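The values are calculated or read from the model by the stated rules, or taken from the named source; none is laboratory data. Everything numeric in this text was worked out from a predicted model, so none of it was measured. Cβ placement follows ideal geometry from the backbone for every residue including glycine, while neighbour counts extend to all protein chains displayed. For accessibility, only protein heavy atoms count, side chains too; no ligands or nucleic acids. Shrake-Rupley method; radii C 1.70, N 1.55, O 1.52, S 1.80 Å.
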Amino acid sequence: MGTGPPDIDVKERELVRAVAGVGANPALPARGLPDAGPTPIRVELVRRVASAGRALRQSATLELERGIPALLVPVSMGCGALAYYAASEEPPLFLLLLWVAAPFAGATAARGIPFLRLALLFISLVASGATLAKLEVYRAGTKVIGGEISTRLTGHVVNIDHLANGRVRLLIDVVRTERPTLRYQPDRVSVSASRLPDGTRAGDLITGPVRLMPPPGPVRPGGYDYSFQSYFRGIGANGFFLGMPKPAAPSASQPFEMRFKAMLDNARNAIAARIRQSIDGPEGEIAAALIVGVRAGIPESVNESLRRTGLAHILSISGLHMALVAAIVMGAVRSGAALVPRFATLYPAKKYAAAAALFVVGAYLFISGGDVAAERSFLMLAVMLLAVLVDRRALSMRNLAVAATVVMIFTPHEIAGPSFQMSFAATAALIGGYAIWGALRARRTPPTKSGAHVPLLRRMAQAVSSMVAGSIATALVAGLATAIFGVWHFQRISPLSLFANLATSPIVSLVVMPFAVLSATAMPFGIDAPFLIVMGKGLSAMLWISDWLSARSPLDVIGLVPGAAVIWLTAALLLATLATTRLRLLGLACGMAGVLCLQTGLTPDIYISDDAGVVAVGDGQGRLLLSDPNMRSFTLDGWKRAFMAQETIAPVRQKPDAGSKRADAIGFHPTQRTIEVLLTNISPHHFLCADSLCVLEHRSGSIIAVLAASRIPRELCAVADLIVVQVPKIHRPCRNGHTTTIDAASLARRGAAAVSIAQPAGAVWPDIAVEYAIGAHYRPWHAHRAFSRTARGQLPYMRSKAKAAVSSTRPG
């Protein structure tokens, strides 16, 4: 027999011989082979596998030498933080600390085994991310009210936002509550008012009657959780003033931190008001958002137009804005230094320019409010500018890793939000894409001959073509990198995003932002109006392009996306951007797995609001059938995007049978005659309602009922497959074993519900699966839900039984 191919090493030859059967016991029969000799196909297969393994080891070693472990630090910590937030119950702190210390000790002892050491460090970093997330929960310690209540509130104004609808939104630090005095008083609330007393500013003490409510939870399982974000912002209640608040006599002196924040907010609002004097309409609101981060006044129609065209990122103070500010400041300082040759010769003008840019960008971060995108941009620029000051070269991907690590240390909850994910994804994709493009260009572009003359027109054409190609590539790469996160959080994608960004990028880069910086520089001298006017013209052109493309944009809602697809596609993005060797090819495999997972998503059949007020059923034809048309627009928009519904169908009310209503302690409940009439006229195209009952025939044939009474009639139990009871306690439940019942108390405790209906072949009754938005074990940001009256099985507080009876007769 042969001894194997001569072009492979000894270990490969031994592997080939072992697999092919060379040297095996001749007394044993070969498995499925006519003889024990090696075949060329098996030898070639084993050779390729061994070669691939060797190439993989070489690539991994090269990645280690190039410093990829440092780039994986924020990734590891982020995985730990996300695992903590997704946990079904609160993990104990000592267990997390043990997971941090034990692998770290093992990594210290395994110095001679590099890959084992890295694996243990990765586990330790993952546990560190979870530990930092839990410590942030301890730091927040937000007190959240359990249910709705009216009281007289007195507190200090922290922030003032003037909304597009004319109302004012206030962030207030609570000093006291009266009539009644809340035993579990929140420290900070977000309330709105129709108007404020003249001259009200941040830091003032105001008082007035308010209606307070707990921060709302997700509108569906897996949806955006407003209570999660409110918890880490320290907001324990939302609500509105019952009338105009009044100034209150100031109490003791405020802490320095509060006075400093009030000063910043007053300065921000004063600058925004000055901008609006020079720029009218939506353009003035967008200019205020770009310069000082005040976005509340932008009309919703403008926001929707920018979302549909993929231009909403322009409203966020991010890398583009920070980089332009730094570039303009550095250019101005260096140009000024060049006018004084002696200074430019004796002193490092570049370092002075970098220091000035760092100061201005830091001030810009403070005055703009400091969201995640702005923090990331500032941190990256700060690293680069500090590198200039100490004569070091700053690598962009390492800058991004440093920025992500700092954000993870101080505010790990941001990783669960769309701003962090989309901002860092776009930046990483652009840095990685530029590195790949630079490597390909260096490999394929022949060296230019010295002394060769290039005609002027050709150089201009090359410059223009390079600029256009760069803009297209930038928009395409950033759009693809952020698309999956936009789809996951908002269930929508912008089909014309590429064209919109290409059309508006020159306007924003050459007109809007430069003149924004010039106007901010000239504002202390009172000569900012001309620059703001030019900026407003640029914004008008940008909005015209956005509106024109938005009107021609196809459907941008694509429904729910499975979480597995997001995980695989995120892994593909990380491999494609962080790796510098052939390991990038693994990103293609992850990307293909993510695309395949996109086909596995299943949209539920029914959504139920967390107050049991509205039941929504998708008919599979782009319509949403509602049990009650009166609902929050935020909830309705979320449900429509999930179902990819274009219209909503209101219920049809059946005239109640005269004298058929009977009252109990809760309210009126339907009689047998009412149930018979509704079931006789039931329709799969809309809810049919009478008295306190609404019914609908699902497209699967199942009967869905919505009942606003505490007793479920036997006639309804006999035919209904799903009954949603809008009162917290059921006095007469169904006992047949096949009817699924969901009451208001369960929804108050567990949040909004998603219901899936399946009709197995040959089965009489359908299989009904119910998923709630909140787990059975509360996390700290959901613990308040257990204390509402509804969650405890009690009716909402009413001053008289008559009002309680009237309020409970309305279905939905």
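Answer yes if at least one residue in segment 465-473 is of a type in the set (Ser, Thr, Tyr), more than 15 Å from Thr570 (Cβ to Cβ), surrounded by fewer than 20 Cβ atoms within 10 Å (Cβ to Cβ) and touching a residue at least 24 places away in the same chain (Cβ under 8 Å), and no otherwise.
yes
In segment 430-442, what count of residues is obtained for those that are open to solvent by less than 10 Å² (accessible area, probe 1.4 Å) and either under 25 Å from Arg233 (Cβ atoms) or among the aliphatic types (A, V, I, L, M) (or both)? First the steps, then the outcome.
Just the residues of segment 430-442 that are open to solvent by less than 10 Å² (accessible area, probe 1.4 Å), to begin with: 432.
Restricting the remaining residues to those that are either under 25 Å from Arg233 (Cβ atoms) or among the aliphatic types (A, V, I, L, M) (or both) gives none.
Qualifying residue count for the region: 0.
Conditions first: (1) in a helix (DSSP H, G or I); (2) surrounded by fewer than 17 Cβ atoms within 10 Å (Cβ to Cβ); (3) within 17 Å of the chain's Cα centre (by Cα). Phe485 passes all but one, so which condition is the exception?
(2)
Looking at this structure, is Gly451 modelled with pLDDT under 85, under 23 Å from the mean Cα position of the chain (by Cα) and at positive phi? Spell out how you get there, then give the answer.
Details: modelled with pLDDT under 85: yes; under 23 Å from the mean Cα position of the chain (by Cα): no; at positive phi: yes.
In short, no.
Check Ile298 against each of (1) outside any helix (DSSP H, G or I); (2) surrounded by fewer than 16 Cβ atoms within 10 Å (Cβ to Cβ) and name the one condition it does not meet.
(2)
In the list Pro506, Pro495, Pro514, which residue meets the criterion of being of a type outside the set (Val, Ile, Thr) and not in a helix (DSSP H, G or I)? So that I can check it myself, show each step before the final result.
Details: Pro506 fails: not in a helix (DSSP H, G or I); Pro514 fails: not in a helix (DSSP H, G or I).
Within the list Pro506, Pro495, Pro514, the selection yields Pro495.
Which one of these is farther than 30 Å from Ala754 by Cβ and in contact with an Asp or Glu (Cβ under 8 Å, 6 or more places away or on another chain): Thr200, Thr154?
Going through Thr200, Thr154 in turn, just one is farther than 30 Å from Ala754 by Cβ and in contact with an Asp or Glu (Cβ under 8 Å, 6 or more places away or on another chain): Thr154.
Do we have any residue at all in segment 303-318 that's surrounded by fewer than 20 Cβ atoms within 10 Å (Cβ to Cβ), more than 20 Å from the chain's Cα centre (by Cα) and either closer than 22 Å to Arg195 by Cβ or not acidic (Asp, Glu) (or both)?
no
If a residue must be open to solvent by 10 Å² or more (accessible area, probe 1.4 Å), farther than 23 Å from Ser746 by Cα and in contact (Cβ under 8 Å) with a residue 24 or more places away in the chain, how many such residues does segment 597-637 contain?
9
Looking at this structure, is Ser278 touching a helix residue (DSSP H, G or I) at 6+ places or on another chain (Cβ under 8 Å) and of a type in the set (Ser, Thr, Tyr)?
So Ser278 passes the test.
When you scan segment 158-166, do you find a residue that is closer than 30 Å to Gln794 by Cβ, at pLDDT below 95, open to solvent by less than 50 Å² (accessible area, probe 1.4 Å) and not acidic (Asp, Glu), even just one?
The answer is no, given that none of the residues of segment 158-166 is closer than 30 Å to Gln794 by Cβ, at pLDDT below 95, open to solvent by less than 50 Å² (accessible area, probe 1.4 Å) and not acidic (Asp, Glu).
Just checking, how many residues over segment 678-716 are in contact with a helix residue (DSSP H, G or I) (Cβ under 7 Å, 6 or more places away or on another chain) and either under 21 Å from Gln759 (Cα atoms) or surrounded by fewer than 17 Cβ atoms within 10 Å (Cβ to Cβ) (or both)?
Here the count works out to 6.
I need a count of the residues in segment 88-100 that are part of a loop (DSSP other than H, G, I, E, B) and closer than 10 Å to Ala130 by Cα.
As a first pass, look at segment 88-100 and keep what is part of a loop (DSSP other than H, G, I, E, B): 88-92.
If we keep only those that are closer than 10 Å to Ala130 by Cα as well, we get 91.
Going through segment 88-100 one residue at a time, the tally reaches 1.
Could you grab me the full set of residues in segment 738-753 that are more than 9 Å from Ala612 (Cβ to Cβ) and either among the hydroxyl-bearing types (Ser, Thr, Tyr) or in contact with a His (Cβ under 6 Å, 6 or more places away or on another chain) (or both)?
Thr739, Thr740, Thr741
Quick one: would you say Pro103 is outside any helix (DSSP H, G or I), surrounded by 13 or more Cβ atoms within 10 Å (Cβ to Cβ) and not β-branched (Val, Ile, Thr)?
no
For Arg749, which of the numbered conditions (1) open to solvent by 70 Å² or more (accessible area, probe 1.4 Å); (2) part of a loop (DSSP other than H, G, I, E, B) fails to hold?
(2)
With the condition kept exactly as written, say whether any residue in segment 243-250 is farther than 30 Å from Pro554 by Cβ and under 25 Å from the mean Cα position of the chain (by Cα). If you could, list the steps in order and put the result at the bottom.
Within segment 243-250, the first condition is being farther than 30 Å from Pro554 by Cβ, and the residues that meet it are 243-250.
Narrowing further to those that are under 25 Å from the mean Cα position of the chain (by Cα): none.
Taking every residue of segment 243-250 in turn, none turns out to be farther than 30 Å from Pro554 by Cβ and under 25 Å from the mean Cα position of the chain (by Cα).
Would you be able to tell me the number of residues in segment 106-122 that are in a helix (DSSP H, G or I) and open to solvent by less than 70 Å² (accessible area, probe 1.4 Å)?
Result for segment 106-122: 7.
So which residues in segment 218-268 are basic (Lys, Arg) and either within 17 Å of Tyr85 (Cα to Cα) or at pLDDT 85 or above (or both)?
Initially, segment 218-268 is screened for residues basic (Lys, Arg), giving 220, 233, 246, 259, 261, 268.
Once the filter is applied, which keeps residues that are basic (Lys, Arg) and either within 17 Å of Tyr85 (Cα to Cα) or at pLDDT 85 or above (or both), segment 218-268 yields Arg220, Arg233, Lys246, Arg268.
Against the condition in a loop (DSSP other than H, G, I, E, B) and either on the phi > 0 side of the Ramachandran plot or at pLDDT 90 or above (or both), how does Asp610 come out, does it pass?
Judged against the criteria, Asp610 is a match.
Which of the residues belonging to segment 196-213 are charged (D, E, K, R) and either closer than 19 Å to Ala267 by Cα or not in a strand (DSSP E or B) (or both)?
Asp198, Arg201, Asp204 - these are the residues of segment 196-213 that are charged (D, E, K, R) and either closer than 19 Å to Ala267 by Cα or not in a strand (DSSP E or B) (or both).
Out of all the residues in segment 252-260, is one or more closer than 30 Å to Ile774 by Cβ, open to solvent by 20 Å² or more (accessible area, probe 1.4 Å), among the acidic types (Asp, Glu) and part of a helix (DSSP H, G or I)?
no
With the condition kept exactly as written, say whether any residue in segment 13-35 is at pLDDT 50 or above, of a type outside the set (S, T, N, Q) and under 52 Å from the mean Cα position of the chain (by Cα).
The answer is no, given that none of the residues of segment 13-35 is at pLDDT 50 or above, of a type outside the set (S, T, N, Q) and under 52 Å from the mean Cα position of the chain (by Cα).
When segment 526-574 is examined, which residues are found to be open to solvent by 50 Å² or more (accessible area, probe 1.4 Å), under 28 Å from Gly222 (Cβ atoms) and either of a type in the set (Lys, Arg) or part of a helix (DSSP H, G or I) (or both)?
Ile567, Trp568, Leu574
Tell me which residues, restricted to segment 335-354, are surrounded by 17 or more Cβ atoms within 10 Å (Cβ to Cβ) and out of contact with any Lys or Arg (no Cβ under 6 Å at 6 or more places or on another chain).
Matches in segment 335-354: Ala337, Tyr352, Ala354.
Only one of these conditions is not met by Ala363: (1) assigned to a helix (DSSP H, G or I); (2) farther than 28 Å from His313 by Cβ; (3) not β-branched (Val, Ile, Thr). Which number is it?
So Ala363 meets the others, but not (2).
What are the residues in segment 124-155 that are part of a strand (DSSP E or B) and either in contact with a Cys (Cβ under 9 Å, 6 or more places away or on another chain) or open to solvent by less than 20 Å² (accessible area, probe 1.4 Å) (or both), if any?
Passing the criteria: Thr151, Leu153, Thr154, Gly155.
Restricting the first residue to segment 346-364 and requiring it to be over 11 Å from Ala332 (Cα atoms), which pairs with a second residue that is outside any helix (DSSP H, G or I) and open to solvent by less than 60 Å² (accessible area, probe 1.4 Å) meet a Cβ separation below 9 Å and a spacing of at least six or different chains?
Close Cβ pairs (under 9 Å, with a partner that is outside any helix (DSSP H, G or I) and open to solvent by less than 60 Å² (accessible area, probe 1.4 Å)) amount to Tyr364/Ile317.
Looking at segment 156-195, which of the residues that are of a type in the set (Gly, Ala, Ser) and assigned to a loop (DSSP other than H, G, I, E, B) is farthest from Met244 (Cα to Cα)?
Looking at residues that are of a type in the set (Gly, Ala, Ser) and assigned to a loop (DSSP other than H, G, I, E, B), I get Ala164.
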